Amino acid sequence: MAEWVLIGTAGCHLCELARDELQTAGLAFEEAELLAHPEWEAQFATRIPVLWRVADGAWLGWPFSAAEVKAALEKKPA
C-alpha cells in the first residue's frame with residue numbers, strides 16, 4: 001500500500017477535484033473505495049474525499065488545496 005491513500009467512491013465529483021489537487025501537489029497516492037471498507041464507511045461516509053496517511057493514520061478531509069497537501073507532506077508521521 002502507498003504512503004498516502006485517497007478514500008472516495010465512484011461517481012464522486014469532489015473526489016475528482018481532490019485527485020486533481022493531489023496531482024497538482026505532486027503527491028504519489030493510491031485510491032481506495034470507501035464502500036469496500038465498512039470501518040471507513042462508518043467514519044468517513046459524510047466526509048469524503050479523505051486523504052489518509054497510512055503510517056500514522058493521520059487524515060486530511062476535503063476541502064484541501066495543493067498547498068495544504070504539501071504542508072501535510074512536510075509533517076513527519078508520529
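The numbers here are math on the coordinates, done by the rules we state, and not lab data. All of these numbers come straight from a predicted model, not from anything done at the bench. All Cβ positions, glycine included, derive from the backbone under ideal geometry; neighbour counts span all protein chains shown.
Legend: ranking of residues V54, V5 from fewest to most surrounding C-beta atoms inside 10 Å; resulting order V54, V5.
For the stretch 4-74, averaging the sequence separation of C-alpha pairs within contact (under 8 Å, six or more residues apart) and dividing by the residue count gives a relative contact order of 40 percent. Can you find, among M1, P77, L51, the residue sitting farthest towards the positive end of the charge dipole of the chain, where Lys and Arg contribute +1 and Asp and Glu -1 at Cβ? After comparing all options, I get P77. Once both labels are positioned 7 Å from their Cα atoms along Cα-to-Cβ, the gap between E33 and T46 label points is 2.5 nm.
When mean projected area of the Cα convex hull in nm² is computed from the coordinates, the matching label among [x] 4.3; [y] 12.0; [z] 4.8 is [z].
Beta bridges from DSSP with both residues in the chain: antiparallel share about 65 percent, rounded to the nearest 5.
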